[in-house]
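Participant: Can you read through this structure? Questions will come right after.
The values are calculated or read from the model by the stated rules, or taken from the named source; none is laboratory data. The shown structure was predicted, so the numbers you read here are calculated from the model rather than taken from an experiment. Here the Cβ positions follow ideal geometry from the backbone for every residue, glycine too, while neighbour counts run over all protein chains shown. Quick note on the areas: whole protein, heavy atoms, side chains included, nothing else; ligands and nucleic acids left out. Shrake-Rupley method; radii C 1.70, N 1.55, O 1.52, S 1.80 Å.
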Amino acid sequence: MTKRIVVTGIGATSALGGTAPENWANLLAGQSGTHTLTHDWVEKYQIPVQFAAEAVVRPEEVLPRHEAKRLDPSTQFAMIAAREAWEDAGAPDVDPERLGVDWATGIGGIWTLLDAWDTLREKGPRRVMPLTVPMLMPNAGAGNLSLHFNAKAYARTVVSACASSTESIGNAYQHLQDGLADVVIAGGAESAIHPITMASFSSAQALSRRNDSPETASRPGAIDRDGFVMGEGGAALVMETEEHAKARGAKIYAYVVGSGVTADSYHITGNDPEGAGAARAVEAALAQAGASPDEVAHINAHATSTPVGDPNEYEALKRVFGSRIDEIPVSATKASTGHLLGGTGALEAVFTILALRDRVAPPTINMTEPDPAVPFKLSTEPQPLGDGDLLAISNSFGFGGHNAVVAFRSAD
């Protein structure tokens, strides 16, 4: 028997705000979280791209110092987002053996790893922190969330580049369906605005180079887009069976109704230009939801603002929706938040859920002249979604050919 899975709590910290409500309000207001970087390393290493979308609330402002110093920044953001979501859900009273964690990251503890390497070279092995490995490992987020919330059902980690946290939400949906838990904390986080990643993505010509106008650098769907903007932060959902949520009188934001995960097997960094793999992921999510493409009222697109990626996503969605894709309200929220890599899908899931709750698709800023090759129904103003039962999907695609899609329905 298929169970109904609900979202009862949300949390988010990013370049737009330190909480989910702040992120949503600033997104609807059309703000940009991208700014010029002021770190010494930008000039020291002559990083070509000198801006990014750093989280506006720094972890040291929120977490106790003794806790923060034992966590890599990626895990710090995980803790902040998950704690907000847990409190928002009413801190569910759940048997620890029925509480699970499905978490994700695309890169993990890069700051810890490379800081430790510098320490080893400059000061020797005795000065390398004993907690280096537990801090840098990709499953540190899931492990620390499990410890903090006493989640004993399981603590699992997805690492599938920019599709990671969308896949973790899909996994949580399946784990709840399979009866492995009654409540799951799902999501992802990333903190990779680091000299290495900025230099590497710059060398790959993947980042926008609008150093003179960072706030307008990310412009998905625009004909003059020239690359994505690095972002950071994290987002979390508290998901549970409807039976469990209603028994405790919890509020319900939305229903998670399906997910789809596929692989392109095309190129390690580029997605399939014909969009076949991405289209299959959308179709799988809709099939699991028992829905047809005609029911979809809103799409939060992956839409990174790269010259190749945006039209490829359009082609993928056109395979599923046909000409109707030009009529569905689409939001490309990375224009405001930057690209959180492994944390981006969870943040965009929060935005999709709130779009259903408020019945409005958030705006896509920085839309100058639309690219005829990407004729999504993007708008610089919020787009109304209408009344009645609403179905929306959120897309994420990652290096390695990973495709992940989650489908949500509005609450009753």
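Participant: Just name the residue that is nearest to residue 267 (Cα to Cα) out of those in region 366-408 that are of a type in the set (Ser, Thr, Tyr) and not in a loop (DSSP other than H, G, I, E, B). Talk me through it step by step, then tell me what you get.
Facilitator: Going through region 366-408, the residues of a type in the set (Ser, Thr, Tyr) turn out to be 368, 379-380, 394, 396.
So of that shortlist, the ones also not in a loop (DSSP other than H, G, I, E, B) come out as 394, 396.
On the way: 394: 23, 396: 16 Å.
Step by step, filter region 366-408, then rank; the result is 396.
A quick yes/no check of all residues on (1) under 27 Å from residue 344 (Cβ atoms); (2) open to solvent by 10 Å² or more (accessible area, probe 1.4 Å); (3) part of a helix (DSSP H, G or I); (4) among the polar types (S, T, N, Q):
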{"residue": "87", "(1), (2), (3), (4)": "yes, yes, yes, no"}
{"residue": "108", "(1), (2), (3), (4)": "yes, no, no, no"}
{"residue": "115", "(1), (2), (3), (4)": "yes, yes, yes, no"}
{"residue": "141", "(1), (2), (3), (4)": "yes, no, yes, no"}
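Participant: Return the total of residues in region 221-266 being in contact with a Gly (Cβ under 9 Å, 6 or more places away or on another chain) and within 16 Å of residue 302 (Cβ to Cβ).
Facilitator: Residues meeting the conditions: 12.
Participant: Taking the options 72, 93, 88, name whichever one is touching a strand residue (DSSP E or B) at 6+ places or on another chain (Cβ under 7 Å) and of a type in the set (D, E, K, R). Walk me through it before giving the result.
Facilitator: Values: 72 fails: touching a strand residue (DSSP E or B) at 6+ places or on another chain (Cβ under 7 Å); 93 fails: touching a strand residue (DSSP E or B) at 6+ places or on another chain (Cβ under 7 Å).
Exactly one residue qualifies, and that residue is 88.
Participant: Provide a single number: the residues in region 231-264 that are under 21 Å from the mean Cα position of the chain (by Cα), over 14 Å from residue 409 (Cα atoms) and of a type outside the set (D, E, K, R).
Facilitator: We begin by selecting, within region 231-264, every residue under 21 Å from the mean Cα position of the chain (by Cα); these are 231-240, 252-264.
Narrowing further to those that are over 14 Å from residue 409 (Cα atoms): 231-238, 240, 260-264.
Filter again for of a type outside the set (D, E, K, R), leaving 231, 233-238, 260-263.
Of the residues in that region, 11 qualify.
Participant: Does residue 348 satisfy being open to solvent by 10 Å² or more (accessible area, probe 1.4 Å) and in a helix (DSSP H, G or I)? Even if it seems obvious, please write down each step before you answer.
Facilitator: Values: open to solvent by 10 Å² or more (accessible area, probe 1.4 Å): no; in a helix (DSSP H, G or I): yes.
The answer is no for residue 348.
Participant: Considering region 267-293 alone, what residues qualify as being assigned to a loop (DSSP other than H, G, I, E, B), small (Gly, Ala, Ser) and in contact with an Asp or Glu (Cβ under 7 Å, 6 or more places away or on another chain)? Steps first, answer last, please.
Facilitator: Restricting attention to region 267-293, the residues satisfying the condition of being assigned to a loop (DSSP other than H, G, I, E, B) are 267-275, 290-292.
The next check asks that each one be small (Gly, Ala, Ser); those that pass are 270, 275, 290-292.
Within region 267-293, 275 is the sole residue that qualifies.
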